[in-house]
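Enquirer: Sharing a structure below in structure tokens format, with a few things to ask.
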Number of protein chains: 4
Amino acid sequence: MGIRATVWGENIHERSNAEVKKIYPDGMHTCIANGLSDDPEIETRTAVLQEFEHGLSKETLLHTDVLIWWGHCAHQEVSDEIVHRVQERVWEGMGLIVLHSGHYSKIFKKLMGTSCSLTWREAGEKERLWVVNPAHPIVKGIDRYFEVENSEMYGEPFIIPTPDEVIFISWFEGGEVFRSGVTYRRGAGNIFYFGSGHESYPIYYNESVKLVLKNAVKWAATGLRWIDNCPNIPVEKAPEKIVIKGHSVHKPGEAGFK
Amino acid sequence: MGIRATVWGENIHERSNAEVKKIYPDGMHTCIANGLSDDPEIETRTAVLQEFEHGLSKETLLHTDVLIWWGHCAHQEVSDEIVHRVQERVWEGMGLIVLHSGHYSKIFKKLMGTSCSLTWREAGEKERLWVVNPAHPIVKGIDRYFEVENSEMYGEPFIIPTPDEVIFISWFEGGEVFRSGVTYRRGAGNIFYFGSGHESYPIYYNESVKLVLKNAVKWAATGLRWIDNCPNIPVEKAPEKIVIKGHSVHKPGEAGFK
Amino acid sequence: MGIRATVWGENIHERSNAEVKKIYPDGMHTCIANGLSDDPEIETRTAVLQEFEHGLSKETLLHTDVLIWWGHCAHQEVSDEIVHRVQERVWEGMGLIVLHSGHYSKIFKKLMGTSCSLTWREAGEKERLWVVNPAHPIVKGIDRYFEVENSEMYGEPFIIPTPDEVIFISWFEGGEVFRSGVTYRRGAGNIFYFGSGHESYPIYYNESVKLVLKNAVKWAATGLRWIDNCPNIPVEKAPEKIVIKGHSVHKPGEAGFK
Amino acid sequence: MGIRATVWGENIHERSNAEVKKIYPDGMHTCIANGLSDDPEIETRTAVLQEFEHGLSKETLLHTDVLIWWGHCAHQEVSDEIVHRVQERVWEGMGLIVLHSGHYSKIFKKLMGTSCSLTWREAGEKERLWVVNPAHPIVKGIDRYFEVENSEMYGEPFIIPTPDEVIFISWFEGGEVFRSGVTYRRGAGNIFYFGSGHESYPIYYNESVKLVLKNAVKWAATGLRWIDNCPNIPVEKAPEKIVIKGHSVHKPGEAGFK
């Protein structure tokens, strides 16, 4: 059995905007999934906002090793309950790859704890993604850099926590720079944010982008289902023998406050 | 003008639990504030859950350089709106010191993005806090370690993001260890989590604990009011001269999707 | 072909000290190598200080995916040239696992850049290693903690750079704590320092220690041979077309100063 | 008494190269020191390679809070003994600011433990330094970015350990990017590497560069003199009462192996 990747798409601009439809006639999620599926180690499926539970049932998430997230104009339409469900699966060990405008998705903001602000400009300018961390599995097969001929500029300051690792830094024709590939671990889950990928341009057909996403799926998959929920360790189970001293606000066996 | 520190307290156990009341007759927030106020550089005030807006009006937060947070049994009673307001002030540059059971407060979980799970045991056992980072301003005046005679055990795994810096690691009589002092920056705000401090024991009277908290207030204060909200940089303001290429989903001057 | 692990041993105390000889009659390196070799994915060999080039010829290092390092009383007898050779192989992508007293080896100090000081006591006390990072591949198969019945105490402050990840924190019977499992990347090479493992005790026969080392070998192996040596990018090869402006201290084609 | 900053200069190109001499007639170290000295909190002095002990006697270093290092063509002429002395002072708490081509200085390489390789091009192209970390004290008074009209390109991959914090990322006219401001702590010492500053161009007269260096001096100064040298904690001084178990390779009171 391969790595089970679920590509989630907002699926709006590709139906409502003629130019986006022309580039991604089957939806961006389908194009992104196709980019992964030529790898024999990866099994892909897709899910979209408009499905019941946005296509992200407990069952689906449980059988997802890595979730890829693309959203832009409808972040607020994603239900808080589903976002919390996704967050808990990340904590358990599901990998998460957040794409481009997903920097402002509910799930990314919840996992980062910061504003996730950046600067931006939609001018179809050239983006050059430099490899900062040449030994990282996510850049396997990528040379010193690759280019995206037409891209939306995303620039610093990108208000995120200090990343565990910076993988790519982008150079933009208009003069900005951006940490366009960064990794985190949250609980047992590996997270990769990848900046390039605006819906106005055919970025998900770019061979280097496809390779990066395949690598990222493999890197992010843990196969874990780790769960912890603030367990009490009673005195009789302490690794060292101790006796209770002083007063207690908790009664024996009582759960902690949450 | 000194550093303006606001000590926030849940203020419940010290009124409802006779043992806690005996230790903290004026409330834990008062005791914590008193511990800071003998430092001439720090101006303290207090706020409690039961006040209007939990005592955390926009005005109060705007004039707070560092917020100290103590809560335990009533995390769920803190309004989401106020929590979001505190989070935005941290992003702007307000320091935040989260104490002990505040690991499960809404504000800490929102800023960390993880479950913040740990293991725990209330047995009044000895805790020894070792200085891991002897050059950090938070441990100024602290020797290699200090002890808290009766403490609640908080143990690993503590499910937090990799800290920017680990300041203390605790040894517990019952056999566990815990990263009991860790720092983060989120946006422009400095955050310090300090583990020791259960309400059943007189921990906030401990001279070393008081010194650590005074140091932490000074470390966390930035005086900043930095704000950023995903600004668009239009083509004519790009640092380098460029022309628009390709199609756009945004109309000129339009705000981004949020 | 499996992962090629070379276990390097100082090989002195096990010949000169009767008690150590009793525990490790074939040398510590042999015992450590035996602990790895029941894993079909790992091919092991050994090398010792007394061999020509300490058994670490260029050829041997080139065909080593992960080097495991055990030394204690003879750090100063390791030739600087060989240490530099090992460091360069780490930069290329060879994994390195440094054991216990190797915190003071030349190679570890060179890779860390810090004093690598710690506190210590040889009293055969109990060490309990807590898993801090339960999702990390190095702790696969390890429960919440494991114990080493007799261990040398190594305590904080351990003067190392902030680790990329902390994997284990140890609790000692005598009252100290220690970050006993930490990871780094230096260049393309993954590094794991593991604290437990004094020669006076049969620690390398401990099943949990053996499992950790097997996991660490797999985690550290990259198979890379990445090399970079401050390349000049001449004007005509700049990604963007530019013309030379101003004066130069370097002549065209000249190497940089090193 | 102010912060005592010592500016160290290699002092070669400014005497041997007519163009460099024209820009820095009194030496680069003098220009850099002048840039600091208009700040009343900073006391500056200079030292150069050609002096006895390179001007870095034990006494001088002991009375230096922050050392600023500029070298390029003579890294190999700096004595290993002095480099080790500087490294030990950093461990004690002296701040260190390494400038531009100092990425290849002995002291920086020793503190980083990596190759410190980068890519480079001397074409006088424009460099734009973006602030990545707007709340950091080093960028106080700096807007979103500043420009250096003529600069030497230093590009990624820059082979350094993951920085504690990235402060600046540079955009280059020729198409590269570079982490041009990064911080580390090594022992008790704060380290700032700042990329911009080639001797062929008048970069140290740039007002923004001067402001960054003044901020960096204030940030790096700790006033500490912290020393630790692998102290033994004998059984009778263990925080918890224990008895010796098992065999020992160390005799009581004996120092550890180093």
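Readers should treat all values here as calculations from the given coordinates under stated rules, not as data from a laboratory. Predicted model, so just to flag it, every value in this text is computed and none were measured. Don't worry about glycine lacking a Cβ; one is built from the backbone with ideal geometry, like all the others, and counts go over all protein chains shown.
Enquirer: Can you classify region D:1-147 as rounded, prolate or oblate using the Cα gyration tensor, where a ≥ b ≥ c are the square roots of its eigenvalues, rounded means a/c under 1.5, and otherwise it's prolate if a/b beats b/c and oblate if not?
Expert: Taking the square roots of the gyration eigenvalues as a ≥ b ≥ c, region D:1-147 is rounded.
Enquirer: How far, in nm to one decimal, is A:Ser37 from itself in the other copies if the label point is set 7 angstrom along Cα toward Cβ? Shortest first, please.
Expert: Spacings between copies for this position, smallest first, are 4.8, 6.8, 7.1 nm.
Enquirer: Still on this structure: Based on the Kirkwood radius over alpha-carbon pairs, what value in µm²/s does the Stokes-Einstein equation return for the translational diffusion coefficient of chain A at 25 °C and 0.890 mPa s?
Expert: So the translational diffusion coefficient is about 126 µm²/s.
Enquirer: Rounded to the nearest 500, what is the 222 nm mean residue ellipticity of the protein assembly as shown from helices alone, with -39500 (n - 2.57) per DSSP H run of 4+ residues and division by all residues?
Expert: Taking each H run of at least 4 residues, the total per residue is -6500 deg cm²/dmol.
Enquirer: Where the only charges are on Cβ atoms (+1 Lys, Arg; -1 Asp, Glu), what is the dipole of the protein assembly as shown about its Cα centre, to the nearest 20 debye?
Expert: 0 debye
Enquirer: Let me ask something else. Take the Cα atoms of region B:108-216, find their three principal axes, and give me the spread along each one in whole Å, biggest first.
Expert: For region B:108-216, the Cα extents along the three principal axes come out at 36, 31, 22 Å.
Enquirer: Just going by the charge dipole of chain D, with Lys and Arg at +1 and Asp and Glu at -1 on Cβ, which of D:Leu129, D:Ile233, D:Val7 is farthest out on the positive end?
Expert: Sorting the options by dipole projection puts first D:Ile233.
Enquirer: Hey, for B:Asp143 with labels 7 Å out along Cα-Cβ, what do the inter-copy distances come to in nm, ordered shortest first?
Expert: Label point to label point, same position, other copies: 3.7, 5.4, 6.3 nm.
Enquirer: Net charge within 14 Å of D:Asp164 by Cβ-Cβ distance, Lys/Arg positive one each and Asp/Glu negative one each, not counting D:Asp164 itself?
Expert: Neighbour charge sum, excluding D:Asp164 itself: -2.
Enquirer: Could I ask something else about it? How high is the relative contact order of region A:105-215, in percent, with contacts defined as C-alpha pairs under 8 Å that are six or more residues apart?
Expert: Reported as a whole number, the value is 27 percent.
Enquirer: Can you tally the net charge around B:Ser37? Count Lys and Arg as +1, Asp and Glu as -1, for every other residue whose Cβ sits under 15 Å from the Cβ of B:Ser37.
Expert: -2
Enquirer: Out of every Cα-Cα pair in region C:155-258, what percent are more than 21 Å apart?
Expert: 59 percent
Enquirer: Can you work out ³J(HN,Hα) from phi for every residue in region C:113-121, in order, using Karplus 6.51 cos²θ - 1.76 cosθ + 1.60 and θ = phi - 60°, giving whole Hz and x for Gly and Pro?
Expert: 3J(HN,Hα) across region C:113-121, in whole Hz: x, 10, 6, 6, 5, 7, 10, 8, 7.
Enquirer: Straight-line reach from A:Lys21: which aspartates and glutamates have a Cα under 13 Å away, not including same-chain ones fewer than 8 places off?
Expert: A:Glu199
Enquirer: So for C:Ser117, C:Ser170, A:Ser16, fewest C-beta neighbours within 10 Å to most, what's the order?
Expert: Ranking C:Ser117, C:Ser170, A:Ser16 by Cβ neighbours within 10 Å, fewest first, gives A:Ser16, C:Ser117, C:Ser170.
Enquirer: Sticking with this structure for a sec: Taking the 0 to 90 degree range and rounding to the nearest ten, how far is the long axis of helix B:28-37 tilted relative to the main principal axis of chain B, both from C-alpha atoms?
Expert: Orientation of helix B:28-37: about 80 degrees from the principal axis.
Enquirer: Taking a quarter of the surface of the Cα convex hull of region A:78-155, what do you get in nm²?
Expert: Convex hull of Cα atoms, orientation-averaged projection: 6.7 nm².
Enquirer: Nearest-5 percent of antiparallel DSSP beta bridges in the protein assembly as shown?
Expert: 55 percent
Enquirer: Let me ask another. Could you count how many Lys pairs in region A:119-258 have their Cα atoms under 25 Å apart, skipping same-chain pairs fewer than 8 positions apart?
Expert: 12
Enquirer: Can you work out the base-10 log of I(q)/I(0) for region C:152-193 at q = 0.21, 0.27, 0.33 1/Å, using the Debye formula on its C-alpha atoms alone?
Expert: For region C:152-193 at q = 0.21, 0.27, 0.33 Å⁻¹, log10 I(q)/I(0) is -0.67, -0.94, -1.18.
Enquirer: Given an 8 Å cut-off on Cα distances and at least 6 residues of separation, report the relative contact order of chain C as a percent.
Expert: 20 percent
Enquirer: Take every DSSP beta bridge whose two residues both sit in region B:3-220, then give the antiparallel share in percent to the nearest 5.
Expert: Counting only bridges with both partners in region B:3-220, antiparallel ones make up about 55 percent.
Enquirer: Right, next: Distances in nm, one decimal, shortest first, from A:Ala255 to the same residue in every other copy, taking the label point 7 angstrom along Cα→Cβ.
Expert: The projected label point of A:Ala255 is separated from its counterparts by 3.9, 5.8, 6.7 nm.
Enquirer: While we're here: For chain B, take the longest principal axis of its alpha carbons; what is the angle in degrees between that and the long axis of helix B:207-220, to the nearest 10 within 0 to 90?
Expert: For helix B:207-220, the angle is close to 10 degrees.
Enquirer: I've got another one for you. Could you give log10 I(q)/I(0) at q = 0.30 Å⁻¹ for region D:198-256, computed by the Debye formula over C-alpha point scatterers of equal weight, without solvent?
Expert: Treating every Cα as an identical point scatterer, log10 I(q)/I(0) equals -1.25.
Enquirer: Run through all the Cα pairs of the protein assembly as shown and give the fraction in each 20 Å bin from 0, expressed as whole percent.
Expert: P(r) over the protein assembly as shown, rounded to whole percents: 13, 44, 37, 6, 0.
Enquirer: To the nearest 10 degrees, how steeply does helix C:80-92 sit against the main Cα axis of chain C, on a 0 to 90 scale?
Expert: 70 degrees
Enquirer: For A:144-155, what's the mean count of beta carbons from other chains sitting within 10 Å of each residue's beta carbon?
Expert: Counting other chains' Cβ atoms within 10 Å and averaging over A:144-155 gives 4.
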